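J.: I'd like to ask some things about the structure below.
The values are calculated or read from the model by the stated rules, or taken from the named source; none is laboratory data. Quick caveat: nothing in here was measured; it's all calculated off a predicted structure. With ideal geometry, Cβ positions are generated from the backbone for all residues, glycine too; neighbour counts draw on all protein chains shown.
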């Protein structure tokens, strides 16, 4: 009787092992298939550590490749702010075995490799209508991940709200300082031109010839834009860009073309260029109300008056 009971226990244990083995069976050597559908290979794992939840901000070192071993993204190379990390909120899983599911298994300090369906990543997570040419249908993506930090959603919200309040206070300070800074610039540079009704100053340097462009005219303009402190934030002149340290090899340096008065540029430009004839060169002093306003743009802070050196190269009258 005792031997029969022992055999039953042995067979039950063996059956459980076989079931577990079958569940963990993976077509990818070294990877285990988890209950959530993720194929994982952990290099370092703290199973008892805190895992990220939906809405938490995760900070990762991340790279992933396609089935041909081509690197599609690497945070060490592609991150525009110069760090090796990327940060984003963990969203709801978009399919079983998703990257979100993979991250939800990790603790801070963990590093792992995951095999995840390329089709599902692109069509369900990225919401692409079709697969890009470098993704083979039915293939897998290989994600290499190290989880550096988890910021709880509540803490992230608090930090974001604090930053918003700081930015709001700074913007209010700049708003109050703008008239003084603009007036000081006019006095320091001995500018005697009269402003238009919008507050725009146009200072003619070289007189053009012929009529001025009307609304709808397609204008071609050379320009250099500066803040009141003289720092260049944009220019169509390659030499100026290099000298000012804002050169970008990815762009072409040439006159900008746009239809006048159609809202494709800031209001100060639409108004200022309409005061010039072809061949004219001048300077536009633009208050933020007809510039980038309370939002600013890129290197331009909120409530920043702008100085543009402009040349109306040519224009084509509206048809």
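J.: For residue 295, all conditions in the list (1) without any contact (Cβ under 8 Å) to a residue 40 or more places away in the chain; (2) in a loop (DSSP other than H, G, I, E, B); (3) out of contact with any strand residue (DSSP E or B) (no Cβ under 7 Å at 6 or more places or on another chain); (4) buried (at least 16 other Cβ atoms within 10 Å of the Cβ) hold save one; what is the number of the exception?
T.: With respect to (1) without any contact (Cβ under 8 Å) to a residue 40 or more places away in the chain; (2) in a loop (DSSP other than H, G, I, E, B); (3) out of contact with any strand residue (DSSP E or B) (no Cβ under 7 Å at 6 or more places or on another chain); (4) buried (at least 16 other Cβ atoms within 10 Å of the Cβ), residue 295 is out only on (4).
J.: Can you give me the number of residues within the range 237-268 that are assigned to a loop (DSSP other than H, G, I, E, B) and within 26 Å of the chain's Cα centre (by Cα)?
T.: Total satisfying the criteria: 15.
J.: Go through the range 264-274 and count every residue that is touching a strand residue (DSSP E or B) at 6+ places or on another chain (Cβ under 6 Å) and surrounded by fewer than 17 Cβ atoms within 10 Å (Cβ to Cβ).
T.: The number of residues fulfilling the criteria is 1.
J.: Give, as residue ranges, the strands (runs of 3 or more DSSP E) completely inside the range 41-112 that count at least 1 residues that are surrounded by fewer than 15 Cβ atoms within 10 Å (Cβ to Cβ), on the phi < 0 side of the Ramachandran plot and assigned by TED's automatic domain parsing to the domain that holds residue 133. Spell out the reasoning first.
T.: Values: elements: 57-65, 71-74, 86-89.
Answer list for the range 41-112: 71-74, 86-89.
J.: Do you know which residues across the range 223-240 are in contact with a strand residue (DSSP E or B) (Cβ under 9 Å, 6 or more places away or on another chain) and under 23 Å from residue 185 (Cα atoms)?
T.: Step one: list which residues in the range 223-240 are in contact with a strand residue (DSSP E or B) (Cβ under 9 Å, 6 or more places away or on another chain), which gives 223-228, 230, 232-237, 240.
Correct list: 223, 224, 225, 226, 227, 228, 230, 232, 233, 234, 235, 240.
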